[in-house]
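The values are calculated or read from the model by the stated rules, or taken from the named source; none is laboratory data. All values derive from a computational prediction rather than experimental measurement. No Cβ is skipped: glycine too gets one built from the backbone with ideal geometry, and neighbour counts run over all protein chains shown. Areas reflect the complete protein model, heavy atoms only, side chains present, ligands, DNA and RNA absent. Shrake-Rupley method; radii C 1.70, N 1.55, O 1.52, S 1.80 Å.
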Amino acid sequence: MRAPFYKLFAMPRKTTAAVLRELFDAALRAADPAPAVSRALADPSIRRALEGARKIGVFAVGKAAARMLAAAGLPAGPALAILPRGYPAPARAGIEVLRASHPEPDRSSVAAARRAVAFFRSFSAEDAILCLVSGGTSSLLCLPADGWTLAAKRAAIRELVRSGASIVEVNRLRRRLSGVKGGRLARRTEARIVSLVVSDVPGDRASLVGSGPTIRRRREDRTRVVASNADGIAAASAAARRLGLAPVVWRLRLTGEASECGRRFARFARRLTPGGVLIAGGETTVEMPRRSGRGGRNLELSLGAALELGRRDDPVSILAAASDGIDGSSGAAGASADETTLARAGRLGLDPERALSRHDTAPLLAALGDLLVTGPTRTNVGDWAFALRRG
């Protein structure tokens, strides 16, 4: 039975954290690539694009590749999957699986891109290729454009990332410096291309996800975004209502410098009435020095929010986490925070502002027991943040 309204907002901090985790889990289920791919393949326009092909190949790349393959089934043609190292392989036989580097490309990423080019070239105009694309693809497929070396390309992209550029800006540079991104991989074949995409970018433009290697805009091709950050926001809002909470979707995206975004998020959450839940999605950035500790953008967002909440002792609890389960170098998906975070850190002799300035937030939040650890979730639609105003 659901807790009465007046009791729900007198819950202790641990129970409040469980409520926020339930909202995150609801968002994660809504972004599950497997049912999303199943629904897309049942659509008549997608089915027609694949029917009648002499041979159908399946190409899957990105953090969600294994989950997308789980729903795609395997036609008689060949199948190639390119996954980040450490991600579980698809639970199907008959798939060629390559591992490549993420978040920065290395020689394995170049080898994967070359294999992908050969794979696409093996199909003719009578064939079709079902492409399952998700975030992480930009690093996993790396074939430097003519005149560029891998080292030079990595250095240029690393410098832009360190500046705090958005994922869209970074992917634009990746496309310019690549021999496979921006539809160049798809242009290696005359086969019909059907691309099903799990989006981690603002606006859910398929051509921006993973720098769009399979999006070439031919009339016979089909492209569909099957899961996105917005799906998670809608599901979390529904879950909040089922719990007797009053969800409010933040009209602003999670964007810009992470800790400052956390402060803005906390200031808005203060204005909620008791029982209100603020829900937001997007992806912030962190301007990284050449030397830093262990952390991630969601950890910095949570700690920035804690600094704001601690100033006025506001009864607000926050959880910020990455949908892929991997936030920077933290080893966690994200972290929670509330108005007691600063005081609890102080009792342990820890300095949150120093941790933020050194980009070394994971040890502090781990000591407080406030990390959310999920492991790889096999999806990738960006980040979510939730704030619950308690009574």
Item to check | One residue from Arg219, Arg291, Arg224 being open to solvent by 30 Å² or more (accessible area, probe 1.4 Å), assigned to a strand (DSSP E or B) and charged (D, E, K, R) | outcome: Arg224
Item to check | Hits in region 1-56 - residues which are of a type in the set (S, T, N, Q) and either open to solvent by 50 Å² or more (accessible area, probe 1.4 Å) or modelled with pLDDT of 95 or more (or both) | outcome: Thr15, Ser38
Next on the checklist: Give me the residue from region 80-134 that is small (Gly, Ala, Ser) and open to solvent by less than 10 Å² (accessible area, probe 1.4 Å) and, out of that set, nearest to the chain's Cα centre (by Cα).
Outcome noted: Ser134
Item to check | Where a residue in region 225-252 is farther than 17 Å from Leu28 by Cα and its partner, wherever it lies, is surrounded by fewer than 17 Cβ atoms within 10 Å (Cβ to Cβ), with Cβ under 6 Å and at least six apart | outcome: Gly244/Arg2; Gly244/Phe5
Next on the checklist: out of contact with any His (no Cβ under 8 Å at 6 or more places or on another chain), open to solvent by 10 Å² or more (accessible area, probe 1.4 Å) and among the hydroxyl-bearing types (Ser, Thr, Tyr): which single residue out of Ser166, Ser211 fits that description?
Outcome noted: Ser166
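Quick one: which helices (runs of 4 or more DSSP H) sit completely within region 335-391 and have at least 3 residues that are open to solvent by less than 10 Å² (accessible area, probe 1.4 Å) and more than 24 Å from Arg312 (Cβ to Cβ)?
Because the criterion is at least 3 residues that are open to solvent by less than 10 Å² (accessible area, probe 1.4 Å) and more than 24 Å from Arg312 (Cβ to Cβ), no helices (runs of 4 or more DSSP H) in region 335-391 meet it.
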Next on the checklist: Pairs please, first residue from region 30-46 and touching a residue at least 24 places away in the same chain (Cβ under 8 Å), second anywhere and among the charged types (D, E, K, R) and in a helix (DSSP H, G or I), Cβ atoms under 6 Å, 6+ apart in sequence or on different chains.
Outcome noted: Ala30/Asp231; Ala31/Asp231; Pro33/Arg67; Ala34/Arg67
Checklist entry - Hey, does region 190-208 have a residue that's open to solvent by 30 Å² or more (accessible area, probe 1.4 Å), touching a Leu at 6+ places or on another chain (Cβ under 6 Å), in a strand (DSSP E or B) and in contact (Cβ under 8 Å) with a residue 40 or more places away in the chain? => result no
Checklist entry - Are any of the residues in region 305-328 touching a residue at least 60 places away in the same chain (Cβ under 8 Å), assigned to a loop (DSSP other than H, G, I, E, B) and either in contact with a Cys (Cβ under 9 Å, 6 or more places away or on another chain) or small (Gly, Ala, Ser) (or both)? => result yes
Next on the checklist: Return the pair list, or none, for Cβ contacts closer than 8 Å from residues in region 115-132 that are in contact (Cβ under 8 Å) with a residue 60 or more places away in the chain and within 8 Å of Ala191 (Cα to Cα) to residues that are of a type outside the set (Lys, Arg) and open to solvent by 30 Å² or more (accessible area, probe 1.4 Å), at least 6 apart or on different chains.
Outcome noted: Phe123/Glu190; Ser124/Glu190; Ala125/Glu190; Asp127/Ile56; Ala128/Ile56; Ile129/Ile56
